[in-house]
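**Q** The following block contains the structure, expressed as structure tokens.
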Amino acid sequence: PEAGAVAEPAKLAPWLRESGATVAHLTPAIGQVLVAGASSAGDLPDLRLMFWGGDLLPPARVDAAARLAPGARHINFYGCTETPQAAGWFEWDGDLNRRAAPIGHGAAGFQLLVLGPDRQPVGLGEVGEIAVRSHYLSLGYLRDGKIVPHAEPQADGTAIYLTGDRGLHLPDGAILALGRADDQVKVRGHRVDLSEVSAVLMACPGVQTATVLAIGEGEGVRLAAFAVAPGLGESELRAAIAARLPGPMQPSTLRLLDRLPLTPNGKIDRAALLAPAADTAPGPQAGPKPVGRPNETEQALMDAWTAILGAREIGRDASFSGLGGDSLSYVQAYLATEEVIGEAPVGWHHMSVAELAALKRKRSNVWSVIDTPLLVRALSICIVVSGHFQLTHFAFTPHGGATGSLLIISGFMFGSLTLPQSFKQASAGPILRSIWSLFVPTALFSALIVLVRSLGHHGVEPYVYSFSADFTDFSRMERDGWVGDDYLWYVHCLLHIFLMLAAAVALLGAAKLFGMGRRRFLWGLFAIACALRFVLPVFWDHRFLGGLYDDRSLETVLPTTHLATVVLGALIAASPARTQKLQLVPVVAAYAVATSYFYGVGPALYLLAGGLLVLAAPRLSVPRVLSPAIFALAGASLWIYLSHMMLRDALGKVGLDGSPLANFAVALVVGVGLWSGWSKAIGWLARRRPLILQADAAA
């Protein structure tokens, strides 16, 4: 076609149809032009081959083109200026769950490699730099106007060209390109991959195509996004982005265009986009506070958060997570946010006050949206209490049954709130604050147990005041005729798990390895924790390998046993992308199978159900009439757990113990009341002194 027809949606598709072309070679940007100009599915019946190249190829782009040309095969080419354009190739297989179409394997006469910093091949799934090995390359690299020959010529006469593109090997050996190495920038201290932000933006409903560029240098770097999204407004798209990306990855500038400008060779003209973007004032995510007085909704939200968090100043640019919000205040802040704006969106805890206020809408009077982890926590604490009161069977084992799902949710909240703050601050401080906030109510209840037992002239087991119930062999105590306060193992276990997590993060900081990222850190920690869970017990109980577990023995309560469950929950929280979730499904299943063998079917079922439910559905709709009870139970879970056994004993002493069902109901009501009173007291105190006592309820 004539040059002008290539970039015109109204001309390219008709030209291909009328010319009867059977082969087309397109860049992804030109492919979007083609899709935009086609009138209907099957519009290009003559095309039998469609070759793609020049940039990362979004799966949705190929899928849309495939509907226009149902008889065509789609081949993704890979190459660069210094190599023939078809140095690598991959035939599209219809998989829409990838970040981009793979570039496949080397073509005849070419080998595609993925190399690490040491210029050695990396392992399966590891990210490295894509290199091309062949006889058919340019003479070398062009630097300062001179050709620099390839380093380390190969014995067979081939050369290796380092492309500057990042990629990894898929399980079948094909290579997936991830974007340019120089597309990784630092925004407010956080490493951001521009191609990853672009991919998330293009995955938003209604977006046809998009690109993201970095503007500025050093500490002033900010992100500018450009999108073609007919029918979408800027506020709607910003809300969709905020629900999918953490603050540092959210573009400060967003421009909606009729189409993206293209260079003569069909690629997005980044220079044409950069000029106007450089003159655009940054939005709220760029760092500076929004100017002007807060509106009524913003002020109401700031007042509500201040009452909960006790912060002295909350600005319009502040986010809940950035203010140090934790898992107890999460429930209260969620309810307050919903009260002000109607419905808290996904990812609300990472959004600023100004962004949340802009999303105000009327909430449904029939249905309420609840974060799945809160629903799982509420159900789990009910099952635990009912089991302790013999109201129901506690899923086959007292230790590690429904508490397994409580642990996985504790890990999820840790991965959502505390760990991101630790990486942001490059410090274990946020974890230590969580430990303190869990320790305070536990210490108060322990002191109350000691006091009551002393007044009644009863003995107190040392583990009550030494916080070591999770290092106690209750099976031996049971054989001696007394079990005691064995339920305390769970809270003590959480305290020690968080201490281990704080130590791991502190070691990461000492080794200056925070740059490895949260997911890689968690994967490594999960591998170690699995060894502690499934191998360590062998050293003191030879029967363990045979699956001959004792549901009250030492290995069922140790923090080293349950660390892996908490880390798995954190991994789920750190894996928001669909492909990441799919990778975790077999991991959760395998972990549950191993747990079933070593620790029993009950714990395995709870771990499997809790993990898969949170993976599959981050949020669920429930009847609004039920939501207040669910939120209250989720927020009060720690207080219910700590108080329910003491309450049962107290009622029994005065002859008011009643039926198990009555004990169960009273325990829930009293626990919620204690949580509510504690929260109000802490909010009052925090507004008058530094936030050193804010309760976390990480349990």
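**Q** Here is a list of conditions, (1) in contact with a strand residue (DSSP E or B) (Cβ under 7 Å, 6 or more places away or on another chain); (2) outside any strand (DSSP E or B), and residue 46 meets all of them except one; can you say which number that is?
**A** Residue 46 satisfies every listed condition except (1).
**Q** Among the residues of segment 65-99, what is the count of those that are within 32 Å of the chain's Cα centre (by Cα), among the acidic types (Asp, Glu) and assigned to a loop (DSSP other than H, G, I, E, B)?
**A** The qualifying residues number 2.
**Q** Which residues, counting only those in segment 607-622, are open to solvent by 20 Å² or more (accessible area, probe 1.4 Å), within 28 Å of residue 676 (Cβ to Cβ) and modelled with pLDDT of 90 or more?
**A** 613
**Q** With respect to the numbered conditions (1) in contact (Cβ under 8 Å) with a residue 12 or more places away in the chain; (2) open to solvent by 10 Å² or more (accessible area, probe 1.4 Å), which one is the sole condition not fulfilled by residue 453?
**A** So the condition that residue 453 fails would be (1).
**Q** With respect to the numbered conditions (1) open to solvent by 40 Å² or more (accessible area, probe 1.4 Å); (2) in contact (Cβ under 8 Å) with a residue 24 or more places away in the chain, which one is the sole condition not fulfilled by residue 1?
**A** Looking at each condition in turn, residue 1 falls short on (2).
**Q** Okay, next question. Within segment 100-122, which residues are over 30 Å from the mean Cα position of the chain (by Cα) and in a loop (DSSP other than H, G, I, E, B)?
**A** Once the filter is applied, which keeps residues that are over 30 Å from the mean Cα position of the chain (by Cα) and in a loop (DSSP other than H, G, I, E, B), segment 100-122 yields 107, 108, 109, 118, 119, 120.
**Q** Taking the stated definitions as given, is residue 146 closer than 25 Å to residue 270 by Cβ and open to solvent by 50 Å² or more (accessible area, probe 1.4 Å)?
**A** So residue 146 fails the test.
**Q** Can we say residue 232 is more than 30 Å from residue 113 (Cβ to Cβ), in contact with a Leu (Cβ under 9 Å, 6 or more places away or on another chain) and open to solvent by 30 Å² or more (accessible area, probe 1.4 Å)?
**A** Taking the combined requirement at face value, the residue satisfies it.
**Q** With segment 161-238 as the region, which strands (runs of 3 or more DSSP E) entirely inside it contain at least 2 residues that are at pLDDT 80 or above and of a type in the set (A, V, I, L, M, F, W, C)?
**A** Hits in segment 161-238: 175-180, 209-215, 222-228.
**Q** Residues that are more than 30 Å from residue 335 (Cβ to Cβ) and of a type outside the set (Lys, Arg): which helices (runs of 4 or more DSSP H) entirely in segment 549-639 hold 3 or more of them?
**A** The helices (runs of 4 or more DSSP H) meeting that bar are 559-573, 578-599, 601-616.
**Q** Out of the residues in segment 31-59 that are touching a helix residue (DSSP H, G or I) at 6+ places or on another chain (Cβ under 7 Å) and farther than 23 Å from residue 15 by Cβ, which is least open to solvent (accessible area, probe 1.4 Å)?
**A** Per the stated criteria, the residue is 58.
**Q** I'd like to verify a number: residues in segment 116-139 that are more than 20 Å from residue 184 (Cβ to Cβ) and either of a type in the set (D, E, K, R) or surrounded by 16 or more Cβ atoms within 10 Å (Cβ to Cβ) (or both), how many?
**A** Looking only at that region, the number is 4.
**Q** Within segment 123-137, take every residue that is among the hydrophobic types (A, V, I, L, M, F, W, C) and either within 17 Å of residue 172 (Cα to Cα) or at pLDDT 90 or above (or both) and give me the one that is farthest from the chain's Cα centre (by Cα).
**A** The selected residue is 132.
**Q** Among the residues of segment 233-244, which ones are free of Cβ contacts under 8 Å to residues at least 60 places away in the same chain and out of contact with any strand residue (DSSP E or B) (no Cβ under 7 Å at 6 or more places or on another chain)?
**A** Across segment 233-244, the qualifying residues are 233, 236, 240, 241.
**Q** Another question, if that's okay. Is it the case that residue 13 is in a loop (DSSP other than H, G, I, E, B), open to solvent by less than 10 Å² (accessible area, probe 1.4 Å) and in contact (Cβ under 8 Å) with a residue 40 or more places away in the chain?
**A** For residue 13, the condition - in a loop (DSSP other than H, G, I, E, B), open to solvent by less than 10 Å² (accessible area, probe 1.4 Å) and in contact (Cβ under 8 Å) with a residue 40 or more places away in the chain - is not met.
**Q** Here's something else I'd like to know. Is it the case that residue 604 is under 30 Å from residue 244 (Cβ atoms) and surrounded by 22 or more Cβ atoms within 10 Å (Cβ to Cβ)?
**A** No, not satisfied.
**Q** Looking only at segment 679-690, filter to residues that are closer than 17 Å to residue 336 by Cβ and of a type outside the set (Gly, Ala, Ser); which one of those is modelled with the highest pLDDT?
**A** 680
**Q** Of the numbered conditions (1) farther than 16 Å from residue 335 by Cα; (2) over 26 Å from the mean Cα position of the chain (by Cα), residue 379 satisfies every one except a single condition; which is it?
**A** That leaves (2) as the condition not met.
Yes or no, residue by residue, for (1) of a type outside the set (Ser, Thr, Tyr); (2) without any contact (Cβ under 8 Å) to a residue 60 or more places away in the chain; (3) closer than 21 Å to residue 196 by Cβ; (4) in contact with a helix residue (DSSP H, G or I) (Cβ under 9 Å, 6 or more places away or on another chain):
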| position | (1), (2), (3), (4) |
| --- | --- |
| 96 | yes, yes, yes, yes |
| 110 | yes, yes, no, no |
| 113 | yes, yes, no, no |
| 127 | yes, yes, yes, no |
| 131 | yes, yes, no, no |
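**Q** For segment 478-516, give me each residue that is of a type in the set (Phe, Trp, Tyr), more than 14 Å from residue 560 (Cα to Cα) and either surrounded by 18 or more Cβ atoms within 10 Å (Cβ to Cβ) or modelled with pLDDT of 85 or more (or both). If you could, list the steps in order and put the result at the bottom.
**A** Filtering segment 478-516 down to residues of a type in the set (Phe, Trp, Tyr) leaves 482, 487, 489-490, 498, 514.
Then drop every residue that is not more than 14 Å from residue 560 (Cα to Cα), which leaves 482, 487, 514.
Passing the criteria: 487, 514.
**Q** Here's another thing I want to ask about it. Taking into account only those residues within segment 330-359 that are over 14 Å from residue 246 (Cα atoms) and modelled with pLDDT under 75, which is nearest to the chain's Cα centre (by Cα)?
**A** That would be 359.
**Q** Shifting gears a bit: I'd like the full set of residues that are of a type in the set (A, V, I, L, M), closer than 17 Å to residue 65 by Cβ and open to solvent by less than 60 Å² (accessible area, probe 1.4 Å), limited to segment 81-115. I'd like the intermediate steps shown before the answer.
**A** We begin by selecting, within segment 81-115, every residue of a type in the set (A, V, I, L, M); these are 86-87, 96, 100-101, 103, 107-108, 112-115.
Filter once more, keeping what is closer than 17 Å to residue 65 by Cβ: 96, 100-101.
100, 101, listed by residue number.
**Q** Of the residues 536, 548, 532, which is at pLDDT below 80 and open to solvent by 10 Å² or more (accessible area, probe 1.4 Å)?
**A** Going through 536, 548, 532 in turn, just one is at pLDDT below 80 and open to solvent by 10 Å² or more (accessible area, probe 1.4 Å): 548.
The values are calculated or read from the model by the stated rules, or taken from the named source; none is laboratory data. For clarity, every value in this text was computed on a predicted model and none was experimentally measured. Ideal geometry is used to build each Cβ from the backbone, glycine not excepted, and the neighbour counts take in all protein chains shown. SASA here: full protein model, heavy atoms, side chains in, ligands and nucleic acids out. Shrake-Rupley method; radii C 1.70, N 1.55, O 1.52, S 1.80 Å.
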